[in-house]
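Structure first, commentary second.
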Amino acid sequence: MNFPAFLVAAACPAVLAASLAAGAAEPVRVPSDIELRRGANDVVAKVDKCRIRLKIDDGDYFWTSPSSADAVFYRPSGKFSRANAPYLQKLDVETYSGVYWDYIKPRPHAEPWFGLRCTASTTEPTTYVDANCPARKNGGVWVLTEAAARLPKAAIEPIAGKGWDGFVVSFESKTPGLRSLTFCAVGANTLMGQASYPSRRKHSLESIKRVLRTLEFVD
């Protein structure tokens, strides 16, 4: 079974190290053509083939980029800065694909954020969802896949909103003091996301989940 880049890296750090050593291209950070929205607002945006609505508050930002797949929620601690903002990492044009994707954020790490991808549930191959949603429903309950259960200190909890339900999986990051997370919201479409947050600041995780619960899929 395939998994997104951040799960592959967590399970096989040597693979990522070899890729970097081979001279992977400098990552492209926040695109220059972002369509930036800021709170407080109900944001309606196209993410890949889906249209979603989210509620953001004062101090929150959400953007998409017409030229790339970037779709990001971000709450900076001060003035918005591209240098500190999360972005979709593309280490190597030849190896990057739509199945494997990875959002990262430069310091400071204490700022709530998440990056998104979305797929039309009825049209996309199940491989794409299988690769990016590390839990399956069993008896009406979301359960970690075998591979995800091997991640360090993996934890799963359900999350739901209007017309969808899903889960958040968090696990110990390779960066000391951080936990990584992934989430999937399954309804008319399947929304997938990534983020990280300081291990000792669980209010950052709660802040992310609070925004996620406002999600709606828009026809």
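What's the ranking of 75-85, 162-172 by average number of surrounding C-beta atoms within 10 Å, highest first?
Working: 75-85: 13.1, 162-172: 18.9.
Highest to lowest by the protection proxy: 162-172, 75-85.
What residues of segment 149-188 lie in the reach of a label at Lys209, counting those whose backbone N is under 14 Å from a point 7 Å from the Cα along Cα→Cβ?
Of the residues in segment 149-188, 155-161, 166-171, 181-184 have backbone N under 14 Å from the label point off Lys209.
Going by amide H atoms built from the backbone, whose H comes under 5 Å of the H on Val168, apart from near neighbours?
Amide H to amide H, under 5 Å and 5 or more residues apart or across chains, Val168 pairs with Glu157, Ile159.
Indicate the gyration tensor shape class of segment 61-219 (rounded, prolate or oblate), computed on the Cα atoms with a ≥ b ≥ c the square roots of the eigenvalues: a/c under 1.5 is rounded; otherwise a/b larger than b/c is prolate and the rest oblate. Could the numbers behind the result be given before it?
Working: a/c = 1.35, a/b = 1.18, b/c = 1.14.
Note, shape of segment 61-219 comes out rounded.
Counting Lys and Arg as +1 and Asp and Glu as -1, what is the net charge of the other residues whose Cβ lies under 12 Å from the Cβ of Val47?
Values: positive: Lys46, Lys49, Arg51, Arg53, Arg117; negative: Glu35, Asp48, Asp70.
With Lys, Arg at +1 and Asp, Glu at -1, the net is +2.
Between segment 117-187 and segment 57-78, how far is it from one alpha carbon centroid to the other, in angstrom?
Each part reduced to its Cα centre gives a spacing of 22 Å.
What does the charge count around Thr175 come to, taking other residues whose C-beta lies under 11 Å from its C-beta (Lys +1, Arg +1, Asp -1, Glu -1)?
Combined, the nearby Lys, Arg, Asp and Glu give +3.
How large is ³J(HN,Hα), in whole Hz, for each residue of segment 195-203 in order, when computed from phi with the Karplus curve 6.51 cos²θ - 1.76 cosθ + 1.60 and θ = phi - 60°, using x for Gly and Pro?
6, 8, 7, x, 4, 8, 10, 5, 5
Which order do peptides 129-137, 52-60 fall in by mean Cβ count within 10 Å, highest first?
129-137, 52-60
How do 178-188, 195-205 rank on mean C-beta neighbours within 10 Å, highest first?
The packing order, highest mean first, is 178-188, 195-205.
Among Val47, Val99, what's the order by accessible area (1.4 angstrom probe), most exposed first?
Working: Val47 0, Val99 45 Å².
Heavy-atom accessible area, descending, gives Val99, Val47.
Determine the sum of side-chain charges near Ile34: Lys and Arg each +1, Asp and Glu each -1, restricted to other residues whose C-beta is under 14 angstrom from that of Ile34.
+2
For Glu35, what accessible surface area do you get with a 1.4 Å probe? Give it in Å², rounded to 10.
90 Å²
The values are calculated or read from the model by the stated rules, or taken from the named source; none is laboratory data. Predicted model, so just to flag it, every value in this text is computed and none were measured. Heads up, the Cβs are rebuilt from the backbone with ideal geometry, glycines too, and the neighbour counts pull from every protein chain shown. For accessibility, only protein heavy atoms count, side chains too; no ligands or nucleic acids. Shrake-Rupley method; radii C 1.70, N 1.55, O 1.52, S 1.80 Å.
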